[in-house]
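The values are calculated or read from the model by the stated rules, or taken from the named source; none is laboratory data. All values reported here derive from a predicted model rather than from experimental measurement. We place every Cβ from the backbone using ideal geometry, glycine too, and count neighbours over all the protein chains shown. Note: accessible area is taken over every heavy atom of the protein model, side chains too, but ligands, DNA and RNA are not part of it. Shrake-Rupley method; radii C 1.70, N 1.55, O 1.52, S 1.80 Å.
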Amino acid sequence: MELYLFRHGIAQDKDLGIKDEERSLTKEGRQKTEKVAQKLVKLDLSFDLILTSPLVRARQTAEILIETGLSSQLEESSHLAHGGEISSWLVDWLEPRNYSQNTQLALVGHEPGLTNWAEILLWGEVKASLVLKKAGMIGIKLPETGSPLGRSQMFWLTPPKYLL
């Protein structure tokens, strides 16, 4: 299985007095995310499912990915909100679904959660060494058998500027 960890686009500033979970994408954030998504389509990328954090900015990002044609299926998971644990997501969400090995799944979420998840999948621990820019993506191949924690392989780390 291939996981694509996609960080939400540029959102309203935290200092505007808006609740964090209600912060939406800015005009620039929408435009940049749309351009990244269009480039991914041109690269023939598609997802069997896009799973998103319930926070507004992540949901809006996921909807842009859907509108661009990267997938036709969208679901929400509280595991992708701030503080979500990858081990809980694996047990509660991924394992029960028993996806095939050629499944391509996009997870739209936030920092530092997404890079923490990536590092745990790659190295079994958080090393705070990966950087994921807004509207950027990390691609990780999960092993065919056994736990993916510390046993997965990264095949994609792209800041959005390389896709614009």
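Structural remarks
- Region 43-72, subset of a type in the set (S, T, Y) and outside any helix (DSSP H, G or I), residue most open to solvent (accessible area, probe 1.4 Å): S72
- Considered as a group, the residues in region 1-42 that are outside any helix (DSSP H, G or I) and acidic (D, E) include one that is surrounded by the fewest Cβ atoms within 10 Å (Cβ to Cβ), and that residue is D13.
- Any pair with Cβ under 7 angstrom, 6 or more apart, that starts in region 54-75 at a residue that is of a type in the set (K, R) and modelled with pLDDT under 95 and ends at one that is open to solvent by 10 Å² or more (accessible area, probe 1.4 Å) and assigned to a helix (DSSP H, G or I): none
- Residue match in region 89-101 (condition: of a type in the set (S, T, N, Q), surrounded by 13 or more Cβ atoms within 10 Å (Cβ to Cβ) and in contact with an Asp or Glu (Cβ under 9 Å, 6 or more places away or on another chain)): no
- Being aliphatic (A, V, I, L, M) and under 12 Å from the mean Cα position of the chain (by Cα) is a condition met by no residue of region 82-102.
- Complete set of residues in region 73-85 that are closer than 24 Å to S46 by Cβ and open to solvent by less than 50 Å² (accessible area, probe 1.4 Å): S77, H79, L80
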